[in-house]
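Asker: Okay, handing you the structure first.
The values are calculated or read from the model by the stated rules, or taken from the named source; none is laboratory data. As the structure is a prediction and not an experimental result, all values here were calculated from the model. Note that each Cβ is placed from the backbone with ideal geometry, even for glycine, and that neighbours are counted across all protein chains shown. Surface accessibility is based on the protein's heavy atoms, side chains included, excluding ligands, DNA and RNA. Shrake-Rupley method; radii C 1.70, N 1.55, O 1.52, S 1.80 Å.
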Amino acid sequence: MTSPHRELSGEELFAAAREVRDLHHGTRITFSPKVFIPLTMLCRDRCGYCTFAQPPARLQSPYLSSEEVLAIARAGAAAGCHEALFTLGERPELRYPVAADWLDRQGHATTLDLLAEMAQLVLDETGLLPHSNAGALYEDELSALRRVAPSQGMMVESLRTDLDCHRGAPDKEPARRLETLEAAGRLAIPFTTGILVGIGEDREDRVVALEAIAASHRRHGHVQEVIVQNFLPKPGTAMHSATPCPEDVYLEAIALARLILPPDVHLQAPPNLSDDFGPLLDAGIDDWGGVSPVTADHVNPERPWPDLDRLRKVTEARGFTLAPRLTAYPEYVRDHARWIHEDLRFQVMDRSDSEGMGRDDPGAVFPEEIEMVTASDGAEVRQVGHRSTAWYSGSPISPPTLVPATVAARGHLREVLDGVLDGQQAGRDELLALFVARGPEVAAVAEVADELRRRAVGDTVTWVANRNINYTNVCTYKCRFCGFSKGPLSLNLRGTPYLLEMDEIAARAADAARMGATEVCLQGGIHPDFDGNYYIDVTRAVRDAVPDIHVHGFTALEVTEGARRLGESLADYLRRARDAGLRSLPGTAAEILDDDVRAELCPDKINSEEWLEAHRTAHGVGIASNITIMFGSIERPEHWVRHLLRCRDLQEETGGFTEFVGLPFVHMASPIYLQRKARRGPTFRENLLMHAVARVAYHGLIDNIQASWVKIGFDGVRQLLQSGVNDLGGTLMDENISRAAGAQHGQQVRQEDLEGLVAPLGRTLEQRTTLYGRVEPGHRLTVLREDDGRTLIPLVNA
Ligand code: SF4
């Protein structure tokens with residue numbers, strides 16, 4: 001296919017390129033935080049522009065040792081990189097006996113065998129995702145590397161057969177390179193390729209090369225990115241005195257690439273090869289390629305990487321956001337069954353966020369090793385081996401500061417935020433745009449959510465004094481995220497099974513009331529021996545001990561199961577529970593209200609419609625409830641949107657939801673994570689956005705957005721309070737469910753802890769009832785049960 005754009009030039013060309021980029025890639029400019037591992041600098045080719053390839057006499061060893069490879073990779077992982085880019089010359093063993101001998105001594109037939117082994121080593125030891133750049137390969141070679149590298153690459157460079165610079169380079173024969181590109185497509189390898197500009201080719205040659213790449217992508221869909229790289233002469237090369245690629249020629253080539261390539265192909269230009277790299281954005285790129293905080297650009301060692309702060313400033317100055325990606329682009333990560341070898345899927349997932357981008361919390365992400373420790377009431381986890389330093393939910397690590405921060409948003413996001421402030425209700429597309437905000441856009445979303453919070457509830461931050469009573473950890477269900485109930489034996493998750501006696505439950509409720517609690521929250525596993533009346537009996541036992549305590553209990557699953565086991569209608573069952581004293585249902589068991597996601601997360605649990613129906617029925621009989629979402633395991637932002645909207649529809653129908661509670665997935669002891677089938681929870685940015693976007697979605701319908709300090713920690717919650725959150729939930733004595741999944745934020749806070757959290761923000765703390773009534777200071781419930789003398793810590797200041 002011939003490009004209709006080949007006749008365009010000048011500003012018309014650039015404007016057209018920018019329009020395509022903006023339409024298909026929005027305001028996001030990506031980069032890959034990586035280390036370069038120059039496995040061998042020997043090469044059988046002699047390209048006229050290359051300083052990477054060296055003769056054996058200049059090298060201490062033909063190849064890096066495994067220790068050297070690992071040292072580079074470990075430094076990269078510790079610095080927060082996601083990718084290990086293996087750069088190497090082409091088949092040096094065919095030219096240099098010293099290379100062949102070295103490989104032979106190490107037990108490798110070829111450089112590519114060594115590469116595969118080193119890629120596996122890096123993957124296992126550091127979790128960095130290898131990208132191999134091994135030149136023109138045959139199909140079986142590409143296939144072997146597909147097992148150890150989620151993406152591969154090879155520059156086409158040029159399809160001209162008569163370039164002087166390629167005279168001594170048998171692997172630069174265009175037909176071979178095109179065949180490599182085709183083979184990668186047949187093998188479904190996310191592939192990086194590109195052209196070199198200024199090595200003796202002309203505009204028409206560049207167009208021809210780009211059209212060939214475009215055609216290959218149209219056949220296979222595998223060209224994830226095209227690099228347009230400018231030639232710069234380097235001392236010591238055959239082309240040392242050649243003219244560098246003129247800037248106007250280079251920028252024109254980038255714009256042509258943007259217009260000739262299918263719009264889904266990402267377009268990259270390296271920032272270190274242009275003194276002023278901002279204009280590369282004006283020509284239509286959407287990616288800066290690999291940028292390393294640790295290693296030099298071994299192909300262009302004289303051109304250091306710009307530091308990330310400078311890259312961010314230049315990017316944001318032009319109205320874009322900078323976002324880290326993995327070596328495979330998100331489209332390929334999301335469709336991993338097709339594009340990523342099954343041996344690599346978990347490692348890719350482990351570094352990815354909900355969009356399939358690189359996790360963007362600063363710090364190291366090492367493969368996790370844990371051991372299980374049996375506690376009295378469930379299993380706990382202990383981390384061993386290399387420690388990640390990037391934040392995750394449930395960890396004691398402080399999150400990055402996302403707010404307060406510079407605020408900026410343009411384009412569609414700006415329109416959405418302005419519309420929200422003007423009172424428009426955000427729909428599916430608008431909420432999705434908010435969920436994928438990056439950089440200063442995140443603070444812009446938070447700012448609008450904060451304003452909506454102010455309009456809805458003012459500056460008061462509320463909390464409830466409550467006690468969790470998890471009456472049993474025995475459960476017949478097999479929710480794959482749940483580390484609280486007994487998990488499969490193979491995962492060694494079985495803590496000691498327990499079932500609290502009715503008397504113990506009543507005693508705990510009485511203790512809670514003496515300490516100042518106004519609520520007990522009753523949740524547990526679905527014990528096989530329960531008949532449906534168990535929940536009603538528990539409610540009665542609690543209310544007999546403390547008649548005025550608010551019983552907030554039993555998930556949609558528990559009440560649905562209770563009614564089913566009795567053969568009673570859910571409405572009749574809930575009426576009896578209400579009459580026994582049940583006042584509200586927690587919104588847990590919602591997880592993600594999408595049946596495809598539930599089929600993976602909790603296949604035997606109630607489905608989305610049953611969860612909604614349980615809440616609809618509860619609201620119908622006068623039992624209030626809340627909305628929860630457990631996010632950050634396997635689902636995508638579009639599932640979050642669906643979840644929020646399904647609950648919003650129900651709220652418009654019944655008005656029975658009192659609050660929204662974001663529950664970030666705590667991965668550490670979760671069976672689905674231990675089975676290598678889930679991400680390691682949401683990133684902090686996703687956490688913040690979940691609460692901010694919920695504030696936007698429910699504006700005018702639900703006033704209260706609650707953050708879970710158990711899972712997010714005080715440092716994180718402080719930022720969420722500036723992003724739409726107005727409620728801190730409960731004091732939660734004896735919170736076992738998050739702890740069983742690996743959360744490390746303790747089991748209880750007291751009023752003064754919450755005051756210390758809220759006061760620096762200039763906000764007022766106020767104790768509330770479960771249903772957001774006011775609790776007068778010093779208020780205590782009547783307890784109709786003798787004090788059995790346990791040592792108690794007051795929840796509420798006297
Ligand atoms: S989440 Fe609830 S229903 Fe699912 S396994 Fe855990 S305790 Fe059982």
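Asker: How high is the FRET efficiency from residue 162 to residue 109, r the C-beta distance, R0 35 Å, rounded to 0.05?
Answerer: Working: r = 34 Å, r/R0 = 0.98.
Result of the calculation: an efficiency of 0.55.
Asker: Using the per-residue mean of other Cβ atoms lying within 10 Å as a proxy for protection, in what order, highest first, do the peptides 346-358, 757-769, 70-82 fall?
Answerer: On the way: 346-358: 22.8, 757-769: 15.4, 70-82: 20.9.
Descending mean neighbour count gives 346-358, 70-82, 757-769.
Asker: What's the extension gain from residue 571 to residue 310 if we count 0.36 nm per residue and subtract their Cα-Cα distance?
Answerer: Working: separation 261, 0.36 × 261 = 93.96 nm, distance 6.10 nm.
Using 0.36 nm per residue and subtracting the Cα-Cα distance, I get 87.9 nm.
Asker: Another question, then. If you stretched the chain out fully between residue 140 and residue 544, how much longer would it get, using 0.36 nm times the residue separation minus the C-alpha to C-alpha distance?
Answerer: On the way: separation 404, 0.36 × 404 = 145.44 nm, distance 7.33 nm.
Difference between extended and current length: 138.1 nm.
Asker: In Å², what does the accessible area per residue of the chain work out to with a 1.4 Å probe?
Answerer: On the way: 28630 Å² over 798 residues.
In whole numbers, the chain has 36 Å² accessible per residue.
Asker: Work out how much length residue 275 to residue 424 would gain on full extension: take 0.36 nm times their residue separation and subtract the Cα-Cα distance, in nm to one decimal. Mind dumping the intermediate values first?
Answerer: Details: separation 149, 0.36 × 149 = 53.64 nm, distance 4.48 nm.
Between residue 275 and residue 424, full extension yields 49.2 nm more.
Asker: With equal scatterers on the alpha carbons only and no solvent term, can you work out the Debye log10 of I(q)/I(0) for region 506-595 at 0.14, 0.15, 0.24, 0.25 1/Å?
Answerer: Here the Debye-derived log intensity ratios amount to -0.49, -0.55, -1.21, -1.27.
Asker: Ok, one more. Tally up the carbon and sulfur contribution to the accessible surface of the chain as a whole percent, 1.4 Å probe, everything protein left in place.
Answerer: Working: 14050 of 28630 Å².
The nonpolar share, carbon plus sulfur, comes to 49 percent.
Asker: Let me ask another. Show me 251-257, 213-219, 773-779 ranked by packing, highest mean number of other Cβ atoms within 10 Å first. Spell out each step's value before the answer.
Answerer: Values: 251-257: 26.1, 213-219: 18.0, 773-779: 10.7.
Result, highest mean first: 251-257, 213-219, 773-779.
Asker: Consider a paramagnetic label point 7 Å from the Cα of residue 176 along Cα→Cβ; state which residues of region 17-44 have an amide N under 11 Å from it.
Answerer: 44
Asker: Another one. Please work out the FRET efficiency for the pair residue 120 and residue 645, using the Cβ-Cβ distance as r and a Förster radius of 35 Å; give the result to the nearest 0.05.
Answerer: Numbers: r = 44 Å, r/R0 = 1.24.
Efficiency, rounded to the nearest 0.05: 0.20.
Asker: Here's another thing I want to ask about it. Please compute the modelled spin-label separation between residue 335 and residue 782, points set 7 Å along Cα→Cβ, answer in nm with one decimal.
Answerer: 6.7
Asker: With a bin width of 10 angstrom, please list the P(r) values of the chain as percents of all Cα-Cα pairs, from the 0 bin to the one holding the largest distance.
Answerer: 3, 13, 22, 22, 16, 12, 8, 4, 1, 0
Asker: My understanding is that a pair violates if its Cα-Cα distance is over 31 Å; which of 172/313; 34/605; 313/711; 34/677; 313/677 do that in this structure? Walk me through the intermediate numbers first.
Answerer: Working: 172/313 37 Å; 34/605 41 Å; 313/711 33 Å; 34/677 24 Å; 313/677 37 Å.
172/313; 34/605; 313/711; 313/677, as the Cα separations exceed 31 Å there.
Asker: R0 = 35 Å: FRET efficiency of residue 202 with residue 676, Cβ-based, nearest 0.05? Don't jump to the answer; show the numbers that get you there.
Answerer: Details: r = 51 Å, r/R0 = 1.44.
Efficiency, rounded to the nearest 0.05: 0.10.
Asker: Follow-up. Do any cysteines of the chain lack a neighbour Cys whose Cβ is under 4.7 Å away, and which are they?
Answerer: 43, 81, 165, 245, 475, 521, 647
Asker: Antiparallel DSSP bridges in the chain: what percent, to the nearest 5? Intermediate results must be reported in sequence, preceding the final value.
Answerer: Working: 11 of 76 bridges.
Of all bridge pairs located within the chain, approximately 15 percent are antiparallel.
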